[in-house]
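The structure appears below as structure tokens.
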Amino acid sequence: MSESVLKISNVNKTFGGLKALTDINLNIEKGKVHAIIGPNGAGKSTLLNVIIGLLEPDTGEVLFDNKDVIGKQAHEINQMGLVRVFQTPEIFTDLSLLENVMIPALAKRDGSFKFKIFRDLADEKDIMNEAVDILASIGMEDKMHNMSGSMSRGDKRRLELAMCLIQHPKLLLLDEPTAGMARHDTNQTIELLKKIKEGGMTKIIIEHDMHVVFSVADTISVLARGKIIATGTPDEIKGNPIVQEAYLGGGE
């Protein structure tokens, strides 16, 4: 079996009388893209928040890079190498693309955002050069000096991915990376995710768009009513009658 980056064992989470997660077991293998899908209310957001440290499970174990992360703060887990891309792009709209990409690298190195942006960024040649290279790798080098607030949603999502890549994550968690995008932007994002996949970075993708999921995932886990009802390859999930009934809407 391949090396695990994230291992979730027997995780349960209850809110009042509602069981949001029941006996969740997941193994995220190094270098793979693992998609988590399910209908609204399936427990995806709760599971995501347990993984990143915003919620503590009632029972169970969450090991990231072979270290127990239950009880750790979200920023501590981020410093360990788990980086999340949110549904709504979180960027500095009054700064350029280049400045946006440099900032998380400085924050991760220094442990805070206490640096003086307009003075310190110009002095950080190594980080600036890396930011330029990352923007070039995703086809945005010609926009690096543009203000980020004027970009399309798809470009903002690509910029946020660049802001994550410069942090050199051990695990990149993408929460609905194509939500609200036009098809053109969605297709661009798929190609970018495929390119990142070729680099061997481990990723979890939570996504509703099955075209995106089946285009990039190595493994898919299906949540329904707080339980994982199936895990397998895209072809196995497509052909699973339980999944078809619970989520994909029946037969072909």
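Numbers below:
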read-out	value
Part-to-part distance (alpha-carbon centres) for segment 66-82 and segment 36-61, which is given in Å	15
Solvent exposure, largest accessible area first (probe 1.4 Å, DNA, RNA and ligands not counted), of GLU176, GLU124	GLU124, GLU176
ASN25-ASP142 pseudo-label distance in nm [points 7 Å out on the Cα-to-Cβ vector]	5.2
Given LYS67/LYS156; LYS108/LYS227; LYS7/LYS194; LYS19/LYS156, the pairs whose alpha carbons are separated by over 27 Å	LYS67/LYS156; LYS108/LYS227; LYS19/LYS156
Mean separation of Cα contacts under 8 Å, 6 or more apart, over the residue count of segment 152-240: relative contact order %	25
Net charge, GLU29 excluded, C-beta distance under 14 Å - Lys, Arg +1, Asp, Glu -1	+3
Cα coordinate range in the chain, projected on the principal axes (Å, largest first)	55, 41, 36
Surrounding net charge for LEU97, when Lys and Arg each add one and Asp and Glu each subtract one, Cβ distance under 11 Å	-2
Assigned charges on the beta-carbon of Lys, Arg, Asp, Glu; the chain dipole about Cα centre (debye)	320
Signed unit charges on C-beta, dipole axis of the chain, positive-most listed residue VAL83, THR46, PRO234	THR46
Contour minus Cα-Cα distance for ARG225 and LYS7 (0.36 nm per residue)	76.4 nm
The chain - share of DSSP beta bridges that are antiparallel (%, nearest 5)	55
DSSP beta bridge pairing in segment 116-242, given as percent antiparallel to the nearest 5	50
Extension reserve of the ASP126-LEU54 stretch, reckoned as 0.36 nm per residue once the Cα distance is removed	22.6 nm
Reachable aspartates and glutamates, given that their alpha-carbon falls under 19 Å from the alpha-carbon of LYS238 and they are not under 8 places away in the same chain	GLU207, ASP209, ASP218, GLU252
Eligible lysines near LYS197 by straight Cα distance, threshold 18 Å, same-chain separation 8 or greater	LYS30, LYS32, LYS170
Fraction of antiparallel bridges per DSSP, segment 1-110 only, in percent to nearest 5	100
Solvent accessible area, Å² - HIS184, 1.4 Å probe, full protein context	120
Geometric extent, Cα atoms of segment 1-111 - Rg, Dmax (angstrom)	15.9, 48
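The values are calculated or read from the model by the stated rules, or taken from the named source; none is laboratory data. It should be emphasised that the depicted structure is a prediction, and the values quoted were computed from it without experimental measurement. FYI the Cβ positions are ideal-geometry reconstructions off the backbone, even for glycines, and counts take in every protein chain you see. What goes into the accessible areas is simple: the full protein's heavy atoms, side chains included, and nothing from ligands, DNA or RNA. Shrake-Rupley method; radii C 1.70, N 1.55, O 1.52, S 1.80 Å.
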